[in-house]
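To start, the structure itself, in structure tokens.
The values are calculated or read from the model by the stated rules, or taken from the named source; none is laboratory data. Source: prediction; values computed, not measured. Note that each Cβ is placed from the backbone with ideal geometry, even for glycine, and that neighbours are counted across all protein chains shown.
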Amino acid sequence: MTLQREIDSLQPDMRADLQFFAFIGLTSTEAAILLGYSGVYGSTLAKKYGVKFASKMPPERRFHRLYDKDDQTGCWVWRRPRSKRGYGAISVNGKAQTAHRFAFEMYKRKLLDTELVCHTCDNPSCVNPEHLFAGTQRENMMDMRAKGRENPLLGTDHPHAKLNPQKVREIRSSPLSAYRLAKIYHVSSVTVRRIQQRRLWKHVQ
């Protein structure tokens, strides 16, 4: 499938995307922003595609709609949104927060200012509280060294790289929103924005 045909095929997904955002408890304003529009168009999009948004769902309830349980590993794998490093994000009182930190504090205790949340499973997308523990920055670095993650491979040198220089150039020259480009190239919208801002793939002209 050519890039243009793939772009065209995404248009019917708008209603499905809006339905998903409504299901997980986002407001129409938040949904519009995730789709690459100004928040003021939220109600217009909802009306156009016939999607009803309820009042904002409490984050504690929304949390349980945003992960899938992996029976083999026991991980609760966060679906989206996720950072370029794979960490989940959730909106709490209008502010973004990492999903694993939210899970730890909801199920265990409030973190100290000097503490981070680490994973025993080494899966950054996991939000299972049984796989999470609190530690300091020093302890986190020691854990990374023990697991061989201190110096990760970047770009096309990484075995799981999804992009290459040609795709990076297409992203930078495209008029589409970051959300749409993220779906096309199977990366996060955060990654797309950082590529457009030349904070990632800086060596690609």
What are the residues in segment 38-61 that are part of a loop (DSSP other than H, G, I, E, B) and modelled with pLDDT of 75 or more, if any?
-> Y49, G50, V51, K52, F53, P58
Count, please, the residues in segment 176-202 that happen to be buried (at least 20 other Cβ atoms within 10 Å of the Cβ) and among the basic types (K, R).
-> 1
Any pair with Cβ under 9 angstrom, 6 or more apart, that starts in segment 179-196 at a residue that is over 19 Å from L18 (Cα atoms) and touching a residue at least 60 places away in the same chain (Cβ under 8 Å) and ends at one that is assigned to a helix (DSSP H, G or I) and hydroxyl-bearing (S, T, Y) | T191/Y185
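Which of the residues spanning segment 158-205 are of a type in the set (G, A, S), touching a helix residue (DSSP H, G or I) at 6+ places or on another chain (Cβ under 7 Å) and closer than 19 Å to Y37 by Cα?
S174, A178, A182, S188, S189
Which residues, counting only those in segment 165-175, are surrounded by fewer than 20 Cβ atoms within 10 Å (Cβ to Cβ), of a type outside the set (G, A, S) and assigned to a helix (DSSP H, G or I)?
P165, Q166, K167, R169, E170, R172
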Return a yes/no flag: does segment 95-108 have any residue that is aliphatic (A, V, I, L, M) and in a strand (DSSP E or B).
-> yes
Take the residues in segment 33-54 that are closer than 25 Å to H100 by Cα and in contact (Cβ under 8 Å) with a residue 12 or more places away in the chain, then tell me which one is surrounded by the most Cβ atoms within 10 Å (Cβ to Cβ).
-> L34
Can you tell me which residue among L111, L153 is surrounded by fewer than 14 Cβ atoms within 10 Å (Cβ to Cβ), of a type in the set (A, V, I, L, M) and modelled with pLDDT of 85 or more?
-> L111
State which residue pairs qualify: first residue closer than 14 Å to R79 by Cβ and inside segment 12-24, second residue at pLDDT 80 or above in any location, beta carbons under 8 Å apart, and separation of 6 or more residues or different chains.
-> F23/R65; I24/R62; I24/R65; I24/L66
Which residue out of A22, A16, A89 is surrounded by 15 or more Cβ atoms within 10 Å (Cβ to Cβ) and in a helix (DSSP H, G or I)?
-> A22
Counted residues, segment 85-103 - those being without any contact (Cβ under 8 Å) to a residue 40 or more places away in the chain and either closer than 25 Å to L200 by Cα or touching a Pro at 6+ places or on another chain (Cβ under 7 Å) (or both) = 13
